[in-house]
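In what follows, a single structure is set out as structure tokens and then discussed.
The values are calculated or read from the model by the stated rules, or taken from the named source; none is laboratory data. On a predicted model such as this, the values are computed, not experimentally measured, just so you know. FYI the Cβ positions are ideal-geometry reconstructions off the backbone, even for glycines, and counts take in every protein chain you see.
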Amino acid sequence: MDLNDTPEQVHYRAKVRAWLHEHKDEAPAAQGEDDAAYVQARRAWQGKLATAGLAGVTWPVELGGQGLGPIEHVIVGQEIVRAGVPDILDVIGVGMLGPTIIAHGSAEQKNRYLGPMLHGDEVWCQLFSEPAAGSDLAAVQARAVLQDDGSWRLSGQKVWTTNAHFAAHGLLLARTDADVPKHKGLTMFIVPMDAAGITIRGLRQISGEAEFNEVFFDDVRLDADAVVGGVGNGWGTALTTLMFERLTIGLGSESLGYQAERYAAAIATDEHARLDPEVRRRLGELCVQLLAVKFTGYRMLSALQQGQIPGPEAGLAKVTTVRAAIDAGDLIADVLGPDALDAESEWAYMISFLPGLKSAGGTEEILRNTIGERVLGLPPEPRLDKGIPFSELRAKERAGVAAT
Ligand SMILES: Cc1cc2nc3c(=O)[nH]c(=O)nc-3n(C[C@H](O)[C@H](O)[C@H](O)COP(=O)(O)OP(=O)(O)OC[C@H]3O[C@@H](n4cnc5c(N)ncnc54)[C@H](O)[C@@H]3O)c2cc1C
């Protein structure tokens, strides 16, 4: 498997493989017409994986995890792909939001939420992006106002919220003080998704699915203990989630099925395409890119296993994997023609879903900016909002619009 497993890891892999072999018939079959039944089956499967120790591999033992390293996490992902069974349903919760609560949550929050999250009993969603706050996440306008009794009242809108339609809870970034610079007046909250005043509307994608949603908050009451990481510390808390988001996408890329071997095998079945020099050149180019990503990923993994935190160059893995997979989709569509997009085709979902992945987890332009500034030492982008209270920024924007 290229990872150069140590004897302990060889043993661990064998154990994981044996469990998956024994239980793979209990995994849910491919998604049918009934979305709700499929989600239910995926939650039950997540519960089985968690009970077997194959979810939350890097979570601390005292919080229900296995206390193992990122290499063991990747081994589990590789073996799940090998067994041909689905991974956990709540990748966002277990991979990103749980670790945020572990890092910043109170003891009560950890006790209350982490167990049901890990076992799929309560699915979570990430309520960060808004119509005017995606790449510029610190510009969120959803507003939480403190009440005399210590509770909060939340109003505003979120968008692109994956899994909100079946989530029990969401982790939400809101503005609690507009009179300080934009990164300072933010607070993170746990939101029960069935609270009065919440409206969830599905957004249908070109791939045919409706995985994400718009979520509206109309004077929603939140208890005082809904705050995660302290009032006004929302930006620091959000950065933890974003770091885990990059890692989840980066370390998960092998499990996403974007593998050079798979594309090469598909092209090889077409007798004309496999002899066409232009097809061979394009395939060669994207295979080289995916191979480079794979070994860069292993380098990142070694650094993580030794307790180091990967630098901004980790964003390159996401940019390159998604680019190469989009190029592969284009190549396969050129070879197979319209059949590639037929509903029955194994490629239809990948080809239609991938362009959206350019935005998820940091857009390509933003990641390239970060790499340019922090890895290559290029001059930073001009920051016109530095040190200015958020309320004045909005007033200036409005005045600018009025003047034009
Ligand atoms: C599949 C998918 C799932 C998602 N799930 C969630 C979720 O569960 N929860 C959640 O909160 N969000 C989610 N998102 C939202 C995602 O985080 C945002 O799409 C992302 O942050 C980009 O924001 P935006 O779409 O508003 O684009 P914008 O920020 O409006 O950007 C539009 C374009 O302008 C470019 N751009 C913006 N600023 C700059 C700049 N300074 N320099 C150069 N170019 C720039 C961008 O690169 C992009 O091409 C999801 C997105 C996708 C695609």
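Return the pairs, sorted by first residue and then second, in which the second residue is at pLDDT 95 or above and among the aromatic types (Phe, Trp, Tyr), the first residue lies in segment 120-138 and is farther than 30 Å from residue 43 by Cα and more than 7 Å from the ligand (Cβ to nearest atom), the beta carbons are less than 8 Å apart, and the residues are 6+ apart or on different chains.
138/235
Please tell me if residue 107 is within 15 Å of the ligand (Cβ to nearest atom), modelled with pLDDT of 95 or more and farther than 15 Å from residue 223 by Cα.
Here the answer is no, as residue 107 does not meet what is asked.
Are there any pairs, at least 6 apart or on different chains, whose C-beta atoms fall under 6 Å, with the first in segment 359-383 and under 20 Å from residue 322 (Cβ atoms) and the second near the ligand (Cβ under 8 Å from one of its atoms), and if so, which?
Within 6 Å, the pairs are 363/135; 364/358; 366/135.
Identify, please: which residue in segment 177-196 is within 19 Å of residue 124 (Cβ to Cβ) and in a loop (DSSP other than H, G, I, E, B) and is, among those, nearest to the ligand (Cβ to nearest atom)?
Checking each candidate, the answer is 193.
Matching residues to (1) closer than 25 Å to residue 137 by Cβ; (2) away from the ligand (no atom under 14 Å from the Cβ):
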{"site": "204", "(1), (2)": "yes, no"}
{"site": "229", "(1), (2)": "yes, yes"}
{"site": "233", "(1), (2)": "yes, yes"}
{"site": "245", "(1), (2)": "yes, no"}
{"site": "269", "(1), (2)": "no, yes"}
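Considering only residues that are of a type in the set (A, V, I, L, M, F, W, C) and within 30 Å of residue 95 (Cα to Cα), look in segment 253-282 and name the one that is modelled with the highest pLDDT.
If we take residues in segment 253-282 being of a type in the set (A, V, I, L, M, F, W, C) and within 30 Å of residue 95 (Cα to Cα), then 260 is modelled with the highest pLDDT.
If a residue must be of a type outside the set (Gly, Ala, Ser) and more than 9 Å from the ligand (Cβ to nearest atom), how many such residues does segment 357-374 contain?
Of the residues in that region, 4 qualify.
Against the conditions (1) among the acidic types (Asp, Glu); (2) modelled with pLDDT of 90 or more; (3) more than 30 Å from residue 269 (Cβ to Cβ), where does residue 330 fall short? Just the number, please.
Among (1) among the acidic types (Asp, Glu); (2) modelled with pLDDT of 90 or more; (3) more than 30 Å from residue 269 (Cβ to Cβ), residue 330 violates only (3).
Can you work out which of the residues in segment 59-78 that are of a type outside the set (A, V, I, L, M, F, W, C) and modelled with pLDDT under 95 is farthest from residue 115 (Cα to Cα)?
If we take residues in segment 59-78 being of a type outside the set (A, V, I, L, M, F, W, C) and modelled with pLDDT under 95, then 78 is farthest from residue 115 (Cα to Cα).
Report the residue count in segment 109-128 for those that are in a loop (DSSP other than H, G, I, E, B) and either surrounded by fewer than 20 Cβ atoms within 10 Å (Cβ to Cβ) or not hydrophobic (A, V, I, L, M, F, W, C) (or both).
So the count comes out to 4.
For segment 278-297, check the following and say yes or no: at least one residue is part of a helix (DSSP H, G or I), among the basic types (Lys, Arg) and without any contact (Cβ under 8 Å) to a residue 12 or more places away in the chain.
Checking segment 278-297: at least one residue is part of a helix (DSSP H, G or I), among the basic types (Lys, Arg) and without any contact (Cβ under 8 Å) to a residue 12 or more places away in the chain.
When you go through 354, 378 one by one, which is the residue that is buried (at least 16 other Cβ atoms within 10 Å of the Cβ) and within 16 Å of the ligand (Cβ to nearest atom)?
354
Which condition from (1) surrounded by fewer than 17 Cβ atoms within 10 Å (Cβ to Cβ); (2) in contact (Cβ under 8 Å) with a residue 24 or more places away in the chain; (3) more than 13 Å from the ligand (Cβ to nearest atom) is the one that residue 335 breaks?
Condition not satisfied by residue 335: (1).
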